[in-house]
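Just so it is clear, none of the values below were taken in a lab; they were calculated from the coordinates. Bear in mind the structure is a predicted one, so any value in this text is a computation, not a measurement. For neighbour counting, all protein chains shown are included, and Cβ atoms are generated from backbone atoms with ideal geometry for every residue, glycine included.
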Amino acid sequence: MTQLTSLLKKKIISFLKKKRIIEIFSSLVAIGIWEFVADFIVKNEFILPSFSTVATAFFDLLSSGIMVMDVLTSLLHLTIGLTIATCVGILVGAITGWFRVADRVADPIIEILRPIPPLAWIPFAIVWLHLTHYAAGFIVFVGAVFPILVNTYAGFRNVPKILVDSAEVLGCTKRHDLIKAVAFPSALPFITTGIRIGTGVGWMCVVAAEMFGVSKSGLGYRIFQKFYSFHQMDNLLVYMIILGLIALFLDSFFRFYIEERLLKWRKETVA
Amino acid sequence: MLIVTVTALVIAAVSFLVPKNQSLTHLRIGYQPSTHQIAHMTAMEKEWWRESLAKFGINEVSDYEFPSGPPEMQAMLAGDLDIAYVGATPPITAIYEGLDAKIVAGVQIQGSHLVLRLEVDYTGPDDLRGLKVATFPPGSIQDTVLRKWLIDNGLDPENDLEIVAMGAGEAISAITAGAVDGVFLPHPSPVVIELEGSGRMVVGSGEMWLNHTCCCLVVSGRLIREYPDVVEQIIRIHINATKYNKDHPDEAAEIYARKVGWEVETVQYSLDTWDGYWVSDPRIGLNVTLEYAQVIYDLNKTRYDRVLTEEELFDTSFYDSIIEKET
């Protein structure tokens, strides 16, 4: 009897895990609480639009066609900023992480620039890049570059000495060979983590990047120039959820595709 | 334990979200740092708000500065403001979305300028073809006035030129950097651009749309229903402050300069060159405001089922009562 109960318990847990029942159940409960609180306690669609109102707004916006255009424009801004941030972040992070002199030269500049919020760069984005997609990309770049740079730096600084010594014993003595064959692969987990964090931060910056007339579409543009101006809180909430879902998708892509495929060799880790 | 914690958090959050009804001892005023709204600044500096409302039990008056109308109305929708000096279109959009408030007095008419970069030749509206002009977002007074003027002059705002939406600060940066060819902004921003040498004022908004409404005084529905005496006194203070500013424009410029930290000469130059004028009668801008309500409806046809009426937007009874008592 005890064995049967134990077996049943195991089967139920396995079923719940496989079919993501727990995640679905918790989401449904959250939606239920949201609907109840909005409809019966707050009773003010401006302060808290209900789930059903937001769902209706979602389908209205989807059928109007603007939502797809807005998502694509925002992804364009993210791509511009993230591509440049990845190139610059990896390059500068690798150089400063590997060469001590370069680290001492760049460190004060990086540490002064790093805490400046991306929003503070908006006037310079307008002045330097005018009202173009590149200006929006620049704001994303400012947000994304430092997590990538700092993680790459950490990756190169933490290359195990034993790997370098072994490579040198095996004849890998040239600097660029050491970087290519030892340091870069060793730092790759740090770099991918940096890109993952940078993507999240960059995506947060997209909303701010579209506030100042760089385009006539985009999730941030629509939120600030339309929904906020017209106090359309249900539409605003739809776009906030879309921002969250896209961020979740991008993060999942990194976690399950890049980290599991690209870093397959890293099997002997805790997580 | 987890359930108890979650329940407590939900209750705390909900109690924070649900607006509370409190007696009126603290008047909260919203305004923007614009020369259009000096009436409020004069009443504040001279302590007319505090002194004249004390007899109604109001022992504290606070003013809150907003960069533009939408966040100001957002604050009013959230119940954080009792009265607001604001452009006429933000309250319309807010009332469409359920704001319990009415326009009770006028504040100012006209007062914006089209500014073009120095190298752009301008002899008439046709010269704007192919240019990029920055202004406030769709639904704002500036966007509405500019688009109407372009259409009146045979230009298609969507195809003949590019209108880009942004705030005043970004627009000033954009014209200075040459990112746009012109801007259409309320005063004093046009003067800032002209004095910096980045552009010149070419058309006043009164030339675009004669006597178009700009700012107004909005009072919450709660005050109108529960504290009509206070509302009447608020409007009386506003009327007096407006009259005082008209009679003492130099002092009005000084009050504004002190409030926002500007040079007095710059403010005086703005008041000398603008085509705006301060008012208090809500009827002066009433018809134009109703036209704005139509424009905002046209922009959101799929969302709104009707155009707001005069009764839904205005309450002129307080102003009328004050004038009647005075005459």
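Spin-label model, residue B:65/residue A:216: points 7 Å from Cα along the beta carbon direction are separated by 3.5 nm. Paramagnetic label reach from residue B:24 (point 7 Å along Cα→Cβ; backbone nitrogen cut-off under 20 Å): within segment B:241-273, residues B:241-242. Amide H to amide H under 5 Å from residue B:63: which residues, 5+ apart in sequence or cross-chain, H placed 1.01 Å off N in plane? Result for residue B:63 returns B:29. Look at the alpha carbon pairs under 8 Å that are at least 6 residues apart: their mean separation over the length of segment B:112-208 gives a relative contact order of 48 percent.
Pairs from the list B:46/B:246; B:46/B:243; B:55/B:246 with a Cα-Cα gap above 21 Å: B:55/B:246. Each Lys or Arg adds one and each Asp or Glu takes one away; over the other residues whose Cβ falls under 11 Å from the Cβ of residue B:85, this sums to -3. Taking only alpha carbon atoms, segment B:239-327 gives an Rg to Rh ratio of 1.11, where Rh is the Kirkwood radius. Shown is the FRET efficiency for residue A:252 and residue A:100, computed with R0 = 51 Å from the Cβ-Cβ distance and rounded to the nearest 0.05: 0.85.
Once the convex hull of all Cα atoms in segment B:49-203 is built, its volume per residue stands at 134 Å³.
Take each residue in A:222-235, count the other chain C-beta atoms within 10 Å of its C-beta, and the mean is 6.
Between residue A:64 and residue B:327, the modelled labels are 4.5 nm apart [label points 7 Å from Cα along Cα→Cβ]. Once the convex hull of all Cα atoms in chain B is built, its volume per residue stands at 172 Å³. Do any trypsin sites (Lys or Arg not before Pro) in segment B:218-304 lie in a loop, going by DSSP, with at most 11 other beta-carbon atoms within 10 Å of their beta carbon, and if so which? Here the sparse-neighbourhood loop sites are B:301. Near residue A:222, once Lys and Arg are set to +1 and Asp and Glu to -1 for all other residues with Cβ below 15 Å from its Cβ, the sum equals -1. Considering only beta bridges that DSSP places wholly inside the protein assembly as shown, some 60 percent are antiparallel. What the phi angles of segment B:194-211 give under the Karplus curve with 6.51, -1.76 and 1.60, with θ = phi - 60°, is a coupling list of 5, 5, 6, x, 8, x, 9, 6, 10, 9, x, 5, x, 6, 7, 8, 4, 6 Hz, glycine and proline written as x. Taking segment A:167-271, which chymotrypsin sites (Phe, Trp or Tyr not before Pro) meet the DSSP loop condition and have no more than 13 other C-beta atoms within 10 Å? Those satisfying the criteria are A:265. Rg/Rh for segment A:129-271 to two decimals, with Rh computed the Kirkwood way over all alpha-carbon pairs. Ratio value, two decimals: 1.15. Panel note: the C-alpha atoms of the protein assembly as shown, placed on their principal axes, show extents of 101, 75, 47 Å (largest first). In chain A, the DSSP-assigned H stretches of four residues or longer account for a calculated mean residue ellipticity at 222 nm of -23000 deg cm²/dmol, using -39500 (n - 2.57) per stretch and the full residue count as denominator. DSSP finds beta bridges in segment B:112-205, and of those with both partners inside it, around 55 percent are antiparallel. For the peptides A:71-83, A:47-59, B:108-120, the ranking by packing is B:108-120, A:71-83, A:47-59, with the highest mean count of neighbouring Cβ atoms within 10 Å listed first. Remark: the protein assembly as shown carries a charge dipole of roughly 4100 debye about the Cα centre, counting +1 on each Lys and Arg Cβ and -1 on each Asp and Glu Cβ.
Relative to the dominant Cα principal axis of chain B, helix B:264-273 is inclined by about 70°. Computed from the C-beta positions of residue B:156 and residue A:262 and an R0 of 60 Å, the FRET efficiency is 0.70 to the nearest 0.05. For the protein assembly as shown, the residue among B:270, B:292, A:235 whose Cα projects farthest onto the positive side of the dipole built from Cβ charges is A:235.
Sequence-distant contacts, meaning Cα pairs under 8 Å at least 6 residues apart, place the relative contact order of chain A at 23 percent.
Rounded to the nearest 20, the Cβ-based charge dipole of segment A:150-247 about its Cα centre (Lys and Arg +1, Asp and Glu -1) stands at 140 debye.
Between the helical axis of B:228-247 and the longest alpha-carbon principal axis of chain B there is an angle of about 30 degrees. What net charge is computed for the residues neighbouring residue B:229, neighbours being all others with C-beta under 15 Å from the C-beta of residue B:229, Lys and Arg scored +1, Asp and Glu -1? Charge balance in the 15 Å sphere: +1. Of the residues B:57, B:199, A:258, the one whose Cα sits farthest towards the positive end of the charge dipole of the protein assembly as shown is A:258 (charges of +1 on Lys and Arg Cβ, -1 on Asp and Glu Cβ, taken about the Cα centre).
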